[in-house]
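The values are calculated or read from the model by the stated rules, or taken from the named source; none is laboratory data. Not measured: the values here are computed from a predicted model. Cβ sites come from the backbone with ideal geometry, for glycine too, and all protein chains shown count toward neighbours. The accessibility values were calculated without ligands, DNA or RNA, using every heavy atom of the protein model including side chains. Shrake-Rupley method; radii C 1.70, N 1.55, O 1.52, S 1.80 Å.
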Amino acid sequence: MIQRGNDDKQAPKIPTKTIGEKFNDGTEKIKSLYSIARIYKVPEDLRKLNECAYVPRLIAIGPLHRKGEHLQKPMQDVKMDYANRLFLRLAEGIADSKIRDEKKDKLIQECVEEMKKCTVKAKKYYAEDIELNDDEMVEMMLVDGCFILELLYEMVHKDSSSIRQPINGGKQPRADPICDSILTANIVRHDLMLLENQIPFFVLEHLFQLTVAKIPVDPTMVAKIPVDPTTGCPPKLSLEVYVRSYFSQFLSLEGGVGGQSSDHRILSVCDSTKETKQGKTESGKANDYHHILHLIHRCYIPGGEVEETGQNSKKHCELMLSASDLHYAGVKFVPTTDLHKVKFINKGIGCWQCRTLAFQIPTIYISKTTESFLRNVIALEQCSPRVPRYFTSYAKLMDMFINSAQDVQVLKNDRVIYNYLSTDEDVRDLFNKLCKEVVLEDFHFNEDCREAYKFNMRWRTRAVRYVTRLFVANPWPALAFCIGIAAFAITVYQFGYAIRARYRR
């Protein structure tokens, strides 16, 4: 007994102060990681469904895929070459090579100093521990940022002349490893819009002001930009204009394949201008965008709208709807131009109260790049705070409507879906798998879907749907039924005629 008492006295005490410090360290670490974090790794539950949709194939941008073995040579040298070409553009026209090199070195040093100021904030933009020291982070931001800016400038301005002009008195334009290859150009565009393959937009904006903004504007490019209605003049070529112009072809069907411009985008792009309290509009600023993918996302949603929370949230519950059921009930699917203008119309018109039945849905053009694009913008909405979940809602809506190849055919006939994949089953599988492991609490189309569901469950609607399927979907049983009715009517008439003739006798 005495010995146990001695053991109790000698038992080590828990260092409560040390544990408390660990609590504080954990809190501070989480604050630093998630206070302004805007670039995330895709959650594993989403990644395992289609990892290829989130991993860059050719170009690594930022620190998250910097060590990927398949992303090293020769594309790292290509990025260096593009960054070098950007600074050569700024020194273009100077005949003396020594003065030209001095100006180039001075510009590079200015950019390096600017990147040093951005290092701390840029690291906090990633929701991961960045294993780069400050010098490595500065070099990464400078090289990746200047590569993107030179690529934007080259691709946007390449249509201004049929032949690419040499820089600084070169004898002839040399081959470009990206712009001269349709396949490579499309892969690079694909890589630049991946969620994990981003650098902060404010970093690009700082570099843009020090480089591209100082390059004289090409008059042929200005002529292609819509005139600002408030000033009557073309707007200044901002970084946002370059990004939107560069990705306008990537987000179109024919643009990425044949290099021709097209209005057939994956989904229709909304006006990105925001309404102010004074009723005027203003374009987006660098602080409005987290990165390039976020800017692309904002092109599709209503300007200035924020995520709905609290009492205004629209809770989502599973509803049993299908495009073919609504079609056979008399509902017409009407293509619309805006992602947020999904609406179910069910109202009577005229003295006979003839009903107008329509469901407005954005037109979508489905090609090989569609799944990757949708998965990345949905991952952005799932990970980022205060980002409206319109794409998640849209994917859930299409998953609800499409349960079979017949549903796809109905939407194709009404020009809501343009399918450029192999079969309608591919479209069905795309949307049925897109929302797996996705959490959706704020369903932006909840009210209209509920109205459609109530209409679909009425006994009159079910009766109309049954008769329509019987007589329209498969005409042979309907034809046999009509022939049977006619034969029965003829038999009854003959029987009645015989009875009356007998009584007359």
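Evaluated against (1) closer than 18 Å to Phe333 by Cβ; (2) touching a Leu at 6+ places or on another chain (Cβ under 9 Å); (3) not acidic (Asp, Glu), Phe443 falls short on exactly one condition, (1). If Arg57 passes every condition in (1) at pLDDT below 75; (2) of a type in the set (D, E, K, R); (3) surrounded by 11 or more Cβ atoms within 10 Å (Cβ to Cβ) but one, which one does it miss? Failing condition for Arg57: (1). With respect to the conditions (1) open to solvent by 70 Å² or more (accessible area, probe 1.4 Å); (2) over 21 Å from Gln406 (Cα atoms); (3) at pLDDT 65 or above, Ala480 falls short on a single one, namely (1). Among residues of the range 38-55 that are closer than 16 Å to Leu374 by Cβ, those with a Cβ under 9 angstrom from a residue that is basic (Lys, Arg) and open to solvent by 80 Å² or more (accessible area, probe 1.4 Å), sequence gap 6+ or separate chain, pair up as Leu46/Lys436; Leu49/Lys433; Leu49/Lys436; Asn50/Lys433. Among the residues of the range 413-447, the one identified as surrounded by fewer than 17 Cβ atoms within 10 Å (Cβ to Cβ), touching an Asp or Glu at 6+ places or on another chain (Cβ under 8 Å) and of a type outside the set (Asp, Glu) is Asn432. Taking each residue of the range 99-121 that is within 19 Å of Met137 (Cα to Cα) and looking for partners that are open to solvent by 80 Å² or more (accessible area, probe 1.4 Å) and at pLDDT below 95 with beta-carbon atoms closer than 8 Å, six or more apart or interchain, yields Lys116/Asp134; Thr119/Asp134. Does Leu142 count as within 24 Å of Tyr242 (Cβ to Cβ), modelled with pLDDT under 95 and part of a helix (DSSP H, G or I)? No: the conditions fail for Leu142.
The set of residues from the range 391-425 being under 20 Å from Asn50 (Cβ atoms), touching a residue at least 40 places away in the same chain (Cβ under 8 Å) and of a type in the set (D, E, K, R) comprises just one member, Lys396.
Restricting the search to the range 131-148, which residues are farther than 19 Å from Ile59 by Cβ and in contact (Cβ under 8 Å) with a residue 40 or more places away in the chain? Residue satisfying the conditions is Glu131 alone.
Cβ-Cβ contacts under 9 Å between residues 6 or more apart (or on different chains), taken from a first residue in the range 65-85 that is among the small types (Gly, Ala, Ser) to a second residue that is in a loop (DSSP other than H, G, I, E, B), are listed as Gly68/Val55; Gly68/Pro56; Gly68/Ala60.
Looking at this structure, is Glu114 over 27 Å from the mean Cα position of the chain (by Cα) and open to solvent by less than 70 Å² (accessible area, probe 1.4 Å)? Taking the combined requirement at face value, the residue satisfies it. For Met155, the test of being open to solvent by less than 60 Å² (accessible area, probe 1.4 Å), at pLDDT 95 or above and under 34 Å from the mean Cα position of the chain (by Cα) is failed.
Going through (1) over 21 Å from Ser372 (Cβ atoms); (2) among the β-branched types (Val, Ile, Thr); (3) open to solvent by less than 80 Å² (accessible area, probe 1.4 Å) one by one, Ile99 falls short only on (3).
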